[in-house]
Amino acid sequence: MKEKRDFSEFLSELIVLADEVALFSKNPEIDIEDAFTEFAMLVEKFAPIFNDLRDKCTIIDKPAIRKSLESLMNELTRAKALIRSSSLKERNKRIEDIAHDLGRSLGMLLVASLEVSIDFREKIGTLQKQLMNARFGGNMSPTSSSISRFVNEAKEGGEIEEEIIDVTSDDVLLQLKNGDAEEFAVALLRLKKFIRGGKLDSGLINVEAAVSILFNRPFSSKAGNRLTIIQLLRSIAMRNDEMKEKMTNIELLSAVVKSLTRDTEERREAVGLLLELSALPAVRRKIGRIQGCIVMLVSILNGVDPVSSRDAAKLLDILSNNTQNALLMAEAGYFGPLVQYLNKGCDMTKILMATTLSRLVLTDHSKLTLGQDGAIEPLVRMFNSGKLESKLSALNALQNLSSLTENVRRLIGTGIVGSLLQLLFSVTSVLMTLREPASAILARIAESETVLVNLGVAQQILSLLNLSSPVIQGHLLEALNSIASLPCASKERRKMKEKGALQLILPLLKETKMKIRSKALNLLYTLSEDLTDESTAHFDETHLFYIVNIVLSSTSDSEKAAAVGILSNLPVSDKKVTDALKRANLLPILVSIMDLGTGSNSPAKSILMESIAGIAIRFTSSSDKKLQLLSAKHGVIALLVKLLSSGSAITKLKAATALGQLSQNSPSLRRSRKSRWLCVAPSVDAYCEVHDGYCFVSSTFCLIKAGAVSPLIQILEDKDWEAVEAALNALSTLLQDEIWEGGANCIAKLSGVQAIVNVLEAGDVKVQEKALWMLERIFRVEEHRMKYGELAQVVLIEMAQRSDSTLKSTVAKVLAVLELLLVQSSYF
């Protein structure tokens, strides 16, 4: 057909043509034989089929169906011409050939009509068989008709089912080469069936031609075709070693590798094909070079499909005989071959593997895997006994692995610490390049408590500090800080200070290299946690000024935190330090830092807040009112109140302690209402009922005017008893002898009495003792006795029966105030 006609119209023409052929075949006016009568009976069955197709024309009009119908029209036209021909020579044979050709065309229609009902396809299939089996007598040579079988391809449940057409292998190859997508799919199934039937082994199939054709049009096909192609190639490769040689084409191998990324079944067959072909050296060389191949094989190895995983493991094992492939596997996260080469390879191969390992960006999981697979031990052996290049590559690899705690333990177990120290003490110029990675590894090892098993390590590192380059110095400072920070390292810290650690580290505060200065600060902060008066002497005014300047100028929270932490840890009793910090103008610097915000929850910010609160204790000593006035002038009180609500438990403890020290002097600093020396009468708001006078935050340090009472009461609900004790101590300053009644009223007004009673139930002895002392004074006020006495008496009676003997007399006093017990009771 030269022009594309309407499908329904086309089918109508076919019906007319089929009827004409049937009619002419039975025409009594024409001298015909029985063969034509039989042929007419077969052709009559076409019209119902075409009628059914016309009814379904809206859903099945597609190129493959049109092509098969065009083929049927051509054959029916040939039949019509033959019947009307005056020459009857070999008409039986020729009509038989036409019947067979009609059968083949009908077979094409059957394959193309997968969407129609099974009943309809069975009708087509029955007629197709009859046409293919038609025999009308006469001389027939064995080659006059192809030996055929009918192919019925039905898509049911997503799979193609094969019934069949018998065609020659040459027909199949031709269809593979030239057929469209539908014909190609059928030809693949036929070839697959031939191979299963043993025709491959019997030589009935031109295997080389089949492989060549599959090469030329394989993986542009649909998924189902791709799978069949790979299965066919795999079957051929398994049965014919000679054909494997024909499959070393890099384009084919690349296409197979792409199938490693597809669905489970295709991936499984692709791995199997590559494994089968890997018997050839040429294939092994090429596979490793195909981009993404080894990465995908490693992924499949770790996948859930056991068959694919097993074959991938075998293939990777074969490919790992090439060192370059082993390196690619390591990059993909499969380290077995690399570790094997580290253990058993030649020196140059070991160096290659170690160098690669040092350059890989490894996840913690990969580092753990390498440690478990045994990579550390051979690397340590390379370092201990290898030549310079071997030592360097091994150390760099170990440095990469040593960031994981589990690997550090393995390193220590190899006894490498002594070898590292020996190297660091070495003055041999040829070994100098090894010192940097060695010091980095030592810094990592120092983070483990087990390093303390190696006695004297800290002292040895300390002696190296001033003999090293900046990079090595930085690593050694890290190592010393890690050792000094260990929970069980108090003895090590003392020994370090005895060996002159402070004298060595303090000059580094002037270091222009920020990393060195920062690490020196961190180490000083750690060593300052348990300073003695003797150690404090090393912090002269110059060093203190350096530290304050770092607080002022540094842009790093961690540096600020370490610097303020050092100042906070200096003994509060050392007046020289206090005077130096006053001259350095430290207080306004600290207040300005906190004014920038306390919202961050970083560890450095937390340490900074704790340390600032600690320094506030130095500047709020109750024995030095001038110092307290200086603190108040710079806004320290407002800062401390803020820290009560926003800091950690330690920050709250220190802030409450500082506020308590300030509040102790409030009664003596208040201005009496009756004073004649007031030039200007204070405002009504300045009057304080607790202190019975005029109070100002900046001059009398009044907790009430500072708004500190509520946050202090809130701390009583915490579970950190040291902070609770500090809060009680601060609140108790409101219950001093001359102001106790006003203080009791203030605490009760802000719901503090119940909070104090609750503390009795869960607090430790010191906390309970302070709480009882406060309740005894609060309950002297009848109003508070009446309101809270019943609540308290249950707890007090239980304490009287079970509490520590040192508290019983205090409990008795409170019960007596509540009039539940005589003051002189012999019960206690």
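Mind listing whichever residues of the stretch 417-443 are open to solvent by 20 Å² or more (accessible area, probe 1.4 Å) and within 33 Å of the chain's Cα centre (by Cα)?
Hit for the stretch 417-443 is Glu436, nothing else.
Just to check your reading of the model, which residue among Phe335, Phe383 is over 25 Å from the mean Cα position of the chain (by Cα) and either under 20 Å from Leu411 (Cβ atoms) or open to solvent by less than 10 Å² (accessible area, probe 1.4 Å) (or both)?
Exactly one of Phe335, Phe383 is over 25 Å from the mean Cα position of the chain (by Cα) and either under 20 Å from Leu411 (Cβ atoms) or open to solvent by less than 10 Å² (accessible area, probe 1.4 Å) (or both), namely Phe383.
Return the only residue of Ala562, Ala537 being without any contact (Cβ under 8 Å) to a residue 60 or more places away in the chain and more than 24 Å from His634 (Cα to Cα).
When all the criteria are applied, what remains is Ala537.
Just to be sure, is Ala279 touching a residue at least 12 places away in the same chain (Cβ under 8 Å), among the small types (Gly, Ala, Ser), buried (at least 18 other Cβ atoms within 10 Å of the Cβ) and farther than 30 Å from Gly418 by Cβ?
Considered against the rule, which asks whether it is touching a residue at least 12 places away in the same chain (Cβ under 8 Å), among the small types (Gly, Ala, Ser), buried (at least 18 other Cβ atoms within 10 Å of the Cβ) and farther than 30 Å from Gly418 by Cβ, Ala279 comes out as no.
Across the stretch 618-652, what is the number of residues that are closer than 14 Å to Lys582 by Cα and either open to solvent by 40 Å² or more (accessible area, probe 1.4 Å) or among the charged types (D, E, K, R) (or both)?
7
Being touching a His at 6+ places or on another chain (Cβ under 7 Å) and either at pLDDT 90 or above or closer than 23 Å to Gly660 by Cα (or both) narrows it down to one residue among Ala748, Ala755, Ala771; which is it?
Just one listed residue meets the conditions, Ala748.
Determine which member of the set Ser490, Ser419 is over 24 Å from Ser366 (Cβ atoms) and at pLDDT below 90.
Ser490
When you scan the stretch 510-525, how many residues do you find that are of a type in the set (A, V, I, L, M) and either outside any helix (DSSP H, G or I) or surrounded by fewer than 23 Cβ atoms within 10 Å (Cβ to Cβ) (or both)?
So the answer is 2.
Residue by residue through the stretch 96-132, note down the ones that are under 15 Å from Pro63 (Cα atoms), assigned to a helix (DSSP H, G or I) and open to solvent by 60 Å² or more (accessible area, probe 1.4 Å).
Result: Met108, single match.
Please work out which one of (1) at pLDDT 95 or above; (2) under 20 Å from Gly752 (Cβ atoms); (3) of a type in the set (D, E, K, R) is the condition Arg618 fails and give its number.
Arg618 satisfies every listed condition except (2).
Only helices (runs of 4 or more DSSP H) wholly contained in the stretch 178-248 count here; list those with 2 or more residues that are under 20 Å from Glu265 (Cα atoms) and at pLDDT 75 or above.
181-196, 223-239
When you look at Glu20, is it charged (D, E, K, R), under 25 Å from Ala112 (Cα atoms) and modelled with pLDDT of 80 or more, yes or no?
So Glu20 does not fit the description; no.
For the subset of the stretch 552-567 comprising residues that are part of a helix (DSSP H, G or I) and among the hydroxyl-bearing types (Ser, Thr, Tyr), which member is nearest to the chain's Cα centre (by Cα)?
Ser558
Look at Lys89 and say whether it is in the same structural domain as Lys45 (by the TED database), at pLDDT below 80, in a helix (DSSP H, G or I) and not hydrophobic (A, V, I, L, M, F, W, C).
no
The values are calculated or read from the model by the stated rules, or taken from the named source; none is laboratory data. None of these values were measured; they are calculated from a predicted model. Cβ coordinates were reconstructed from backbone atoms using ideal geometry, including for glycine residues, and neighbour counts include every protein chain displayed. Remember, those area values only see protein heavy atoms, side chains included, never the ligands or the DNA or RNA. Shrake-Rupley method; radii C 1.70, N 1.55, O 1.52, S 1.80 Å.
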